[in-house]
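The structure under discussion appears below in the form of structure tokens.
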Amino acid sequence: MTAGNDGVELFVPDLGETDQIEFVSWLVQPGDSVSEGQELAELVTDKAAFTLEAPATGMLLEVFAQPGEIVSQGQRVGRIGSPN
């Protein structure tokens, strides 16, 4: 997570030793209000399923990953901020 004037960036967390992380789905859509700790997205590796939680309260402004996409640890997948 990186905070700045443009909001809080969402990144794929460190999920351990894995080569493939599938971005399964968004549980919220751009424009939806989110609360800190709310589950935002589902990810799956060859070993387990994970959820990406909101690190802050705000609005999901943008998504950079789509369902079915293979993502990497540390990859930016979305942005939370205040609506302008």
**Item:** Looking only at region 15-52, and only at residues there that are assigned to a loop (DSSP other than H, G, I, E, B), among the β-branched types (Val, Ile, Thr) and touching a Ser or Thr at 6+ places or on another chain (Cβ under 8 Å), the one that is modelled with the highest pLDDT
**Value:** Thr45
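Name the single residue that is farthest from Ala65 (Cα to Cα) among those in region 31-55 being more than 8 Å from the chain's Cα centre (by Cα) and among the aliphatic types (A, V, I, L, M). Break it down stepwise before answering.
Initially, region 31-55 is screened for residues more than 8 Å from the chain's Cα centre (by Cα), giving 31-39, 42-51, 55.
From what's left, among the aliphatic types (A, V, I, L, M): 34, 43-44, 48-49.
On the way: Val34: 18, Leu43: 11, Val44: 14, Ala48: 19, Ala49: 17 Å.
Across region 31-55, the extreme among qualifying residues is Ala48.
I'd like the residue in region 5-27 that is among the β-branched types (Val, Ile, Thr) and closer than 13 Å to Val77 by Cα and, out of all such residues, is nearest to the chain's Cα centre (by Cα). Steps first, answer last, please.
Keep residues of region 5-27 that are among the β-branched types (Val, Ile, Thr), which gives 8, 12, 18, 21, 24.
Within this subset, residues satisfying the condition of being closer than 13 Å to Val77 by Cα are 8, 12, 21, 24.
Details: Val8: 11, Val12: 6, Ile21: 13, Val24: 11 Å.
Taking the candidates together, the pick is Val12.
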**Prompt:** Exactly one of (1) more than 14 Å from Val12 (Cα to Cα); (2) assigned to a loop (DSSP other than H, G, I, E, B) is unmet by Pro55. Its number?
**Reply:** (1)
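If I filter region 71-84 down to residues being under 18 Å from Pro13 (Cβ atoms) and in contact with a strand residue (DSSP E or B) (Cβ under 6 Å, 6 or more places away or on another chain), which single residue comes out as surrounded by the most Cβ atoms within 10 Å (Cβ to Cβ)? Walk me through it before giving the result.
Initial filter on region 71-84 (under 18 Å from Pro13 (Cβ atoms)): 71-80.
Those left that are additionally in contact with a strand residue (DSSP E or B) (Cβ under 6 Å, 6 or more places away or on another chain): 71, 74, 76-80.
Values: Val71: 19, Gly74: 9, Arg76: 14, Val77: 21, Gly78: 23, Arg79: 20, Ile80: 25.
Looking at residues that are under 18 Å from Pro13 (Cβ atoms) and in contact with a strand residue (DSSP E or B) (Cβ under 6 Å, 6 or more places away or on another chain), I get Ile80.
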**Item:** Selected residue (only one of Leu10, Leu52, Leu27, Leu60 is without any contact (Cβ under 8 Å) to a residue 40 or more places away in the chain and buried (at least 18 other Cβ atoms within 10 Å of the Cβ))
**Value:** Leu60
**Request:** Look at region 33-64 and say how many of its residues are in contact with a Gly (Cβ under 7 Å, 6 or more places away or on another chain), closer than 23 Å to Gln20 by Cα and small (Gly, Ala, Ser).
**Result:** 1
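The values are calculated or read from the model by the stated rules, or taken from the named source; none is laboratory data. Since the model is a prediction, treat every value here as computed from it, not as a measurement. All Cβ positions, glycine included, derive from the backbone under ideal geometry; neighbour counts span all protein chains shown.
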